[in-house]
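The values are calculated or read from the model by the stated rules, or taken from the named source; none is laboratory data. Only a predicted model underlies this, so the values are computations on that prediction, with no experimental measurement involved. Here the Cβ is made from the backbone with ideal geometry for all residues, glycine too, and neighbour counts use every protein chain on show.
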Amino acid sequence: MRDASPQEPGLEGRTVLQVLPALDGGRVSRLVLAIAAALGRAGARALVAAEKGPLIGELQAAGGEWIPLDARTRSPVGLVRNAATLSGLIGREAVDLVHAHARGPAWSAHGATRLARRPFITSFHTSPDATSRLPAIASWSLARGDAVLAGSSYLAGRIGAAHGVDAQRLAAVSPGLDLSGFEPARVPREASVGFRLAAGLTGSGRVVVHQARLDPAKGQMVVIDAVRLLVNGGLTETVFVLACEGIERADYRARLEQRIQAQGLDGIVRLVGSADAGACALVAADLAVVASTEPEAVGRNAIEAIAMGLPAIVSDDGALPEVVPAPPGVGAADRVGFRVAPGDPLALAEGIGAGLSLGRGEHAAMAQRARAHAVRFSRGRMQEDLLGVYRRLLIVRGRAKIAGNH
């Protein structure tokens, strides 16, 4: 029988410290709260060092403890001061493992964990070449974790190439998206009706939705040109909605409107603003399109679409192939959408045409597979992934201690 000794520690009774700039209500803060809640359920103590923010109450309600830290500092003096503070905290609170979620906190936590000989985990929540006003050494520290985590295999590969991180330390984990609102039955009827009114959807024809922020890299122009090709080929009774998330960019929106007019697609391609985007747009759709012309690090829009049970036509680039399995990577029976060359209107038109050609039974089966696949990107799966990484590193540390005692 295998010896269940201190060589294989669990999380019960352990103390895990997460470090991030602030509990400010953003996406990363929400992930940190979810991890703290999962640690509490596993019997661990969850500490979070960060600047004050509106989520402190939620953290405490989830069983976590907030430690004040000037974690937004960009000054070298501040980073060194934080390293000393974290070093003292690790010793005083008997911290077993530290997880840093940003460049500055990673620099400070790296120094503190090396002194204390504690496992150190880092997470890249943005592209490794994203701009930063922090010293270059801070970005370097984010790649120095005993485990370096990314929200997709594509992003993990980018990190490895950019920072020379060996494969043994790299791990692709679930991006932890909150998909609870992306279930058709949970979308309020009034929100769905509001979207249909905003998009002018009064008939019973098919609806194809492209949902993304207003940005040329998201491929709205490619969609418009692809629709023109489909209409030239005889497509009728189908409306295409460009649902625009986030901040309104009047200049780019005007260019899209001009392109729609120039292509003679008034009434066929329709623009709606951010107030009418989200799950209420997807619940009205028969098909989703994600036409990004630059690689997506995670592919949130595609994940939300498949969570709603929509077959998705996506650019075959970045993390999107991980989100939408399709031949030749998988068999036809495992397909959840169609992948096309990015920036190619003809390829996109062919992909949309294939999606619209699905029979009712094929569409239903693909929708079921899509919903099942979306679970891999959910918050619950992220919690499982992270706790697994924590356990693995604590096992390694336990074995190292035992080896050191002999």
Inset, instruction - Report yes if T202 is crowded, with 17+ Cβ neighbours inside 10 Å and among the hydroxyl-bearing types (S, T, Y), otherwise no. - result: no
Inset, instruction - Filter the stretch 110-151 down to residues that are among the small types (G, A, S) and at pLDDT below 80 and give me whichever is nearest to V77 (Cα to Cα). - result: A138
Inset, instruction - Answer with yes or no whether I306 is free of Cβ contacts under 8 Å to residues at least 60 places away in the same chain, of a type outside the set (G, A, S) and either closer than 27 Å to L197 by Cβ or outside the structural domain of E350 (by TED's automatic domain parsing) (or both). - result: no
Inset, instruction - For the stretch 11-109, please list each of the helices (runs of 4 or more DSSP H) lying entirely inside it that holds at least 2 residues being under 25 Å from the mean Cα position of the chain (by Cα), within 15 Å of L386 (Cβ to Cβ) and assigned by TED's automatic domain parsing to the domain that holds P128. - result: 27-41
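So which residues in the stretch 310-331 are among the small types (G, A, S) and farther than 29 Å from N232 by Cα, if there are any at all? Explain how you work it out, then say what you get.
Pass one, the stretch 310-331, residues among the small types (G, A, S): 312, 315, 318-319, 326, 329, 331.
Once the filter is applied, which keeps residues that are among the small types (G, A, S) and farther than 29 Å from N232 by Cα, the stretch 310-331 yields G318, A319, G329, G331.
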Inset, instruction - For the stretch 83-105, name all the residues that are crowded, with 24+ Cβ neighbours inside 10 Å and either of a type outside the set (A, V, I, L, M, F, W, C) or at pLDDT below 95 (or both). - result: H99, H101, A102, R103, G104, P105
Legend entry - Number of the condition not met by G273 [criteria: (1) under 18 Å from F338 (Cβ atoms); (2) surrounded by fewer than 22 Cβ atoms within 10 Å (Cβ to Cβ); (3) touching an Asp or Glu at 6+ places or on another chain (Cβ under 7 Å)]: (1)
Legend entry - When residues of the stretch 211-251 are limited to those that are exposed (fewer than 15 other Cβ atoms within 10 Å of the Cβ) and of a type in the set (D, E), the one farthest from the chain's Cα centre (by Cα): E237
Inset, instruction - Kindly indicate the residue of the stretch 163-189 that is of a type in the set (A, V, I, L, M) and within 22 Å of V28 (Cα to Cα) and also surrounded by the fewest Cβ atoms within 10 Å (Cβ to Cβ) among those meeting that condition. - result: A172
